1. Pairs, please: C-beta under 8 Å, at least 6 apart or cross-chain, first residue under 17 Å from A:Leu127 (Cα atoms) and in the stretch A:55-68, second part of a helix (DSSP H, G or I) and open to solvent by 90 Å² or more (accessible area, probe 1.4 Å)?
2. Within the stretch B:43-63, work out how many residues are away from chain A (no Cβ under 13 Å) and among the charged types (D, E, K, R).
3. Could you check the stretch A:71-107 and list, in sequence order, the residues that are of a type outside the set (A, V, I, L, M) and either touching a residue at least 40 places away in the same chain (Cβ under 8 Å) or not in a helix (DSSP H, G or I) (or both)?
4. Looking for whichever is open to solvent by less than 60 Å² (accessible area, probe 1.4 Å) and within 13 Å of the chain's Cα centre (by Cα) here; the options are A:Ala5, A:Ala24, A:Ala37, A:Ala54. Which one fits?
5. Please verify whether A:Phe56 is among the aromatic types (Phe, Trp, Tyr), closer than 30 Å to B:Ser24 by Cα and part of a helix (DSSP H, G or I), treating the condition exactly as stated.
6. Scan the stretch B:26-42 and report the pairs whose first residue is facing another protein chain (nearest Cβ under 10 Å) and open to solvent by 60 Å² or more (accessible area, probe 1.4 Å) and whose second residue is outside any helix (DSSP H, G or I) and small (Gly, Ala, Ser), with Cβ atoms within less than 9 Å and a gap of 6+ or a chain change.
7. Could we say that B:Gly68 is within 14 Å of chain A (Cβ to nearest Cβ), among the small types (Gly, Ala, Ser) and touching a residue at least 24 places away in the same chain (Cβ under 8 Å) here?
8. So which residues in the stretch B:43-65 are in contact (Cβ under 8 Å) with a residue 24 or more places away in the chain and buried (at least 20 other Cβ atoms within 10 Å of the Cβ), if there are any at all?
Amino acid sequence: MSPAALRNVPFREKTAWVMAAILAAGSAIYLNMVISASRALGQTAPPVVGFVIAYFVVIVIASVLFMSALAAASPKEANTPADEREKIIGDKAGNWSGYVMVVPALGALWHYAVNTDGNMLFHLVFLSLMLGQISDYVFQIVLYRQAS
Amino acid sequence: MAKPPPITNRLRELREQHGGISQSALAEAIGVTRQTVIAIELGKYSPSLESAFRIARVFDLGVEDVFGWEA
């Protein structure tokens, strides 16, 4: 994308790209950790509270750093509240991402009902939350692309 | 791709007629982002009634002089 084209990208779409990338990277690291630990144990690895807390801390710090950089690059846009079109996009994306979150969460409950594997229930619910949040940003990007 | 709303507009034409008002200036005048003005101009987004009135007032026209319904 050329610098001129990048200037035409709405500030909130840029933040959605950044947040989707941060969350996707964090989720990939989390999944990799769970899969590796589960393979080593020969069963579903139990949740490691320290890692979950570290996950949130890293996500928050990375978000603050990247958002600050974006805001510094476009201070006027960053200080402007969302307009009517951006609010609609945010509402739609939030609504659709709710469905994305519910499907794996129901799958997690079903899996627990059948296998009574509490560790897997934790990981699947955590995955549902991550997917829901990532899809929220992905839907925002799609909607911004459609209406720009 | 979502179907564009059946609302037409003369935004680009009116901007040019009124001394070449920029999309940014129009956006600032009506309280939206420049990208929203672009989306309206391209017919990809239908503004709220309030924004439609604000746009019409910028050009000193009625709403129906700026926007139309595609038959």
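The values are calculated or read from the model by the stated rules, or taken from the named source; none is laboratory data. The structure presented is a predicted model; accordingly, all values stated were derived computationally and were not measured. A quick note on method: Cβ atoms are made from the backbone with ideal geometry, for glycine too, and the neighbour counts reach across all protein chains shown. Note: accessible area is taken over every heavy atom of the protein model, side chains too, but ligands, DNA and RNA are not part of it. Shrake-Rupley method; radii C 1.70, N 1.55, O 1.52, S 1.80 Å.
1. These pairs meet every condition: A:Tyr55/A:Ile29.
2. 2
3. Selection gives A:Ser74, A:Glu77, A:Thr80, A:Pro81, A:Asp83, A:Arg85, A:Glu86, A:Gly90, A:Lys92, A:Gly94, A:Trp96, A:Ser97.
4. Exactly one of A:Ala5, A:Ala24, A:Ala37, A:Ala54 is open to solvent by less than 60 Å² (accessible area, probe 1.4 Å) and within 13 Å of the chain's Cα centre (by Cα), namely A:Ala24.
5. So A:Phe56 fails the test.
6. These pairs meet every condition: B:Arg34/B:Ser22; B:Leu42/A:Ala147; B:Leu42/A:Ser148.
7. For B:Gly68, the condition - within 14 Å of chain A (Cβ to nearest Cβ), among the small types (Gly, Ala, Ser) and touching a residue at least 24 places away in the same chain (Cβ under 8 Å) - is not met.
8. Of everything in the stretch B:43-65, those that are in contact (Cβ under 8 Å) with a residue 24 or more places away in the chain and buried (at least 20 other Cβ atoms within 10 Å of the Cβ) turn out to be B:Tyr45, B:Ile55.
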